[in-house]
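What follows is a single structure, written as structure tokens, with notes after it.
The values are calculated or read from the model by the stated rules, or taken from the named source; none is laboratory data. Values in this document were obtained by computation on a predicted structure and should not be read as measured data. Because the Cβ atoms are built from the backbone with ideal geometry, glycine has one as well, and the counts that use them run over all protein chains shown.
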Amino acid sequence: MTFSSTSTQANPTSLTTLPGHPFVAYRDAVLHVEDVALSALASQYGTPLFVYSKAAMLSALAAYQRGFAGRNAQICYAMKANSTLGVLQVFVKAGCGFDIVSGGELERVIAAGADARKVIFSGVGKTRSEMRQALSAGIGCFNVESEAELDVLSAVATAMGLIAPVSIRVNPNVDPKTHPYISTGLKDNKFGVAHEDALRVYRHAATLKGLQVVGIDCHIGSQILELTPYLDAMDRVLDLVASIEAAGIPIAHIDFGGGLGINYHNDAPPEADALWLQLLTKIDARGYGDKKLMIEPGRSLVGNAGVCVTEVLYLKPGAQKNFCIIDAAMNDLPRPAMYQAFHSIVPVNTPGQDGASTTYDVVGPVCESGDWIGRDRALSVVAGDYVAVLSAGAYCMSMSSNYNTRGRAAEVLVDGMAMHLIRARETAQDQMRQEHLINGD
């Protein structure tokens, strides 16, 4: 990949920044996150190791905050992207709300110090116990995804003597032009209520005594790199707002979801502030500029803030392929196996001028042929070197597993020169703590 270099006389250190990762840079040939060398972190905490830049998270959030300056808006971090408590804490302190999809996520975000009134609960399969839990906590809104869910939520709320604030997630049948596994706004997706059914479902919701309609919600997918799908979805949602309010059902807030992509492999998504400048122009032109606006960014806030540092275990030449075997695996970094996703892989220490590269498939030690992290990567490494898997802040740790009884990786948050261990490395004893041997024979 191509790097850009900068240096000043005031700071003679050689600095090479990585495109799309302004807080990840080589300093004198050693890769740093902010002001901390990744090699030092790997030596101290072991590998595989996730390292996050606090400055990168807050910089990504600031783009949304600039986009909504002067507006009645609430930014709800979609915590499924990365739900580690230390990461959540950064966004709590920054004033964010949160988008959750389970009762467990609600417990996590409350533990991190969030205000339940800033929590919205999405997801197609909320259980009655999760509904009771969220109602007891006093969350801000349920994003309801089916007519059947409306009926159940109303019954649960009524039994508790409470009123559930709801918005209905509308499926606008807009193609987000992304991977089919992370597309959520087409007719054949499981999410939301069909656009053509939405007005009828809103009328039904308005008759249920356990509910109060407060908004409308739309989320069309993830890793979206183009502006057009957002504009098309917004037009369809605003058409519905007009129809719903004409039916006598006021809509207090409009939730446009998240899904903005990041730079994994020379991708060029719109900047969040530029995106919302265009979307707000359309909202104002349609006469809805006074509505409260809600959004649910996840990947775009944390994706490029994280790297995974891993050690090269073996180099294995082959007749068809050369393999670079690392100690991170598909249980740590599941996106390549699940989505055939691309993550840049770079050495933590750059080779000298004479360091010739070899093309490798970068693979982990898990007993699956699907355990690969990168195909056909040119690297100049030897066993014992560290490499960094970039753009690993989103949907890596939160989707990690214990397959092969592998402990989940440690996580460190970097803030300038300070480093904070926010998750200790998981041991086999940690994994077995809730298991029991059978008594007797």
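Within segment 299-339, the residues that satisfy the criterion of being in a loop (DSSP other than H, G, I, E, B), surrounded by fewer than 23 Cβ atoms within 10 Å (Cβ to Cβ) and touching a residue at least 40 places away in the same chain (Cβ under 8 Å) are Lys321, Asp327, Pro334. Scanning segment 392-402 turns up at least one residue that is buried (at least 18 other Cβ atoms within 10 Å of the Cβ) and farther than 23 Å from Phe23 by Cα.
Taking first residues from segment 11-39 that are outside the structural domain of Gly261 (by TED's automatic domain parsing) and on the phi < 0 side of the Ramachandran plot and partners that are modelled with pLDDT of 90 or more and acidic (Asp, Glu), the Cβ contacts under 6 Å between residues at least 6 apart in sequence or on separate chains come to Thr13/Asp28; Ser14/Asp28; Phe23/Glu34.
Let's see how each residue does on (1) more than 23 Å from Cys141 (Cβ to Cβ); (2) assigned by TED's automatic domain parsing to the domain that holds Ser380; (3) modelled with pLDDT under 95; (4) not small (Gly, Ala, Ser):
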position: His265; (1), (2), (3), (4): yes, no, yes, yes
position: Glu271; (1), (2), (3), (4): yes, no, yes, yes
position: Asp290; (1), (2), (3), (4): no, no, yes, yes
position: Glu311; (1), (2), (3), (4): yes, yes, no, yes
position: Leu315; (1), (2), (3), (4): yes, yes, no, yes
position: Phe323; (1), (2), (3), (4): yes, yes, no, yes
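Of the residues making up segment 407-441, those that are at pLDDT 95 or above and among the charged types (D, E, K, R) are Arg408, Glu411, Asp415, Arg423, Arg425, Glu426, Asp430, Arg433, Glu435. I'm checking my understanding of the structure. Among residues of segment 348-365 that are of a type in the set (Val, Ile, Thr), surrounded by fewer than 21 Cβ atoms within 10 Å (Cβ to Cβ) and under 14 Å from Phe323 (Cα atoms), which one is farthest from the chain's Cα centre (by Cα)? If we take residues in segment 348-365 being of a type in the set (Val, Ile, Thr), surrounded by fewer than 21 Cβ atoms within 10 Å (Cβ to Cβ) and under 14 Å from Phe323 (Cα atoms), then Thr358 is farthest from the chain's Cα centre (by Cα).
Report whether or not Val124 is closer than 26 Å to Asp239 by Cβ, out of contact with any Gly (no Cβ under 7 Å at 6 or more places or on another chain) and at pLDDT 95 or above. Considered against the rule, which asks whether it is closer than 26 Å to Asp239 by Cβ, out of contact with any Gly (no Cβ under 7 Å at 6 or more places or on another chain) and at pLDDT 95 or above, Val124 comes out as no.
Of all residues in segment 119-127, none satisfies being assigned by TED's automatic domain parsing to the domain that holds Asn171, assigned to a helix (DSSP H, G or I) and buried (at least 18 other Cβ atoms within 10 Å of the Cβ).
Looking across segment 1-54, the residues that are of a type in the set (Gly, Ala, Ser) and modelled with pLDDT of 85 or more come down to Ala25, Ala29, Ala37, Ser39, Ala40, Ala42, Ser43, Gly46, Ser53.
Screening Lys187 on (1) exposed (fewer than 15 other Cβ atoms within 10 Å of the Cβ); (2) modelled with pLDDT of 90 or more shows it passes everything except condition (2). Checked against the criteria, Ser344 does not count as surrounded by 15 or more Cβ atoms within 10 Å (Cβ to Cβ), touching a residue at least 12 places away in the same chain (Cβ under 8 Å) and touching a helix residue (DSSP H, G or I) at 6+ places or on another chain (Cβ under 8 Å). Taken together, Phe142, Phe98 contain a single residue that is at pLDDT 95 or above, outside any helix (DSSP H, G or I), more than 18 Å from the chain's Cα centre (by Cα) and buried (at least 22 other Cβ atoms within 10 Å of the Cβ), which is Phe142.
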